[in-house]
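Chemist: Structure incoming, see below.
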């Protein structure tokens, strides 16, 4: 089943054949089929993630931990750098973060640890983040 949208007219839960009988163009039907295939692929990927990496709440918890850790370490680094007067003090300020993240970096570089944004591409990950951040901001500010 597909949802076809053309020139402001939308028909949901129809087959490509029914959409053609309703007068939708081949291009609109093909686009709807592509969208349905993408949606189905996303569902399969999400099911695989849930089966192997954890449910949504577990993933959110891990994401929260990572964000809090990154923010705390950035705050520590910023505080230390703001008072650094020499290259030696800059290096000393950076060392705790370098020590903390060195094992992670080594595992990523060796391929033991894999990061989603590296698999899908940084450009894709940034575009998704921008789109979601914009949508949330618009909802919060009533710009919908």
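The values are calculated or read from the model by the stated rules, or taken from the named source; none is laboratory data. Predicted, not measured: the structure shown is a model, and the values here were computed from it. Cβ atoms come from the backbone with ideal geometry, glycine included; neighbour counts cover every protein chain shown.
Chemist: Within segment 39-88, work out how many residues are touching a helix residue (DSSP H, G or I) at 6+ places or on another chain (Cβ under 7 Å) and modelled with pLDDT under 95.
Modeler: Residues in segment 39-88 being touching a helix residue (DSSP H, G or I) at 6+ places or on another chain (Cβ under 7 Å) and modelled with pLDDT under 95: 1 in total.
Chemist: Can you tell me how many residues in segment 125-144 are farther than 19 Å from residue 66 by Cβ and surrounded by 11 or more Cβ atoms within 10 Å (Cβ to Cβ)?
Modeler: 4
Chemist: Separate question: Give the residues of segment 109-121 that are more than 19 Å from residue 74 (Cβ to Cβ) and either in a helix (DSSP H, G or I) or touching a strand residue (DSSP E or B) at 6+ places or on another chain (Cβ under 8 Å) (or both), sorted by residue number.
Modeler: The answer is 109, 110, 116, 118, 119, 120.
Chemist: Out of 36, 6, 18, which single residue is touching a strand residue (DSSP E or B) at 6+ places or on another chain (Cβ under 6 Å) and either at pLDDT 95 or above or closer than 30 Å to residue 55 by Cα (or both)?
Modeler: Residue meeting the stated conditions: 36.
Chemist: Quick one: would you say residue 75 is within 19 Å of the chain's Cα centre (by Cα), part of a helix (DSSP H, G or I), free of Cβ contacts under 8 Å to residues at least 12 places away in the same chain and closer than 30 Å to residue 99 by Cβ? Give the derivation first.
Modeler: Details: within 19 Å of the chain's Cα centre (by Cα): no; part of a helix (DSSP H, G or I): yes; free of Cβ contacts under 8 Å to residues at least 12 places away in the same chain: yes; closer than 30 Å to residue 99 by Cβ: yes.
The answer is no for residue 75.
Chemist: Cβ contacts < 7 Å: first residue under 24 Å from residue 49 (Cα atoms), restricted to segment 96-115; second residue part of a helix (DSSP H, G or I) and at pLDDT 95 or above, any location; separation 6+ or different chain. Result?
Modeler: Cβ pairs passing all conditions: 113/104; 113/107; 115/108.
Chemist: Out of all the residues in segment 49-64, which are under 16 Å from the mean Cα position of the chain (by Cα), closer than 17 Å to residue 116 by Cβ and either in contact (Cβ under 8 Å) with a residue 60 or more places away in the chain or surrounded by fewer than 11 Cβ atoms within 10 Å (Cβ to Cβ) (or both)?
Modeler: 56, 63, 64, listed by residue number.
Condition check ((1) over 30 Å from the mean Cα position of the chain (by Cα); (2) without any contact (Cβ under 8 Å) to a residue 24 or more places away in the chain; (3) in a helix (DSSP H, G or I)) across all residues:
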{"residue": "4", "(1), (2), (3)": "no, no, no"}
{"residue": "19", "(1), (2), (3)": "yes, yes, yes"}
{"residue": "35", "(1), (2), (3)": "no, no, yes"}
{"residue": "42", "(1), (2), (3)": "no, yes, yes"}
{"residue": "45", "(1), (2), (3)": "no, yes, yes"}
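Chemist: Here is a follow-up. So if I check each of 84, 32, which one is surrounded by 11 or more Cβ atoms within 10 Å (Cβ to Cβ) and within 30 Å of residue 6 (Cα to Cα)?
Modeler: 32
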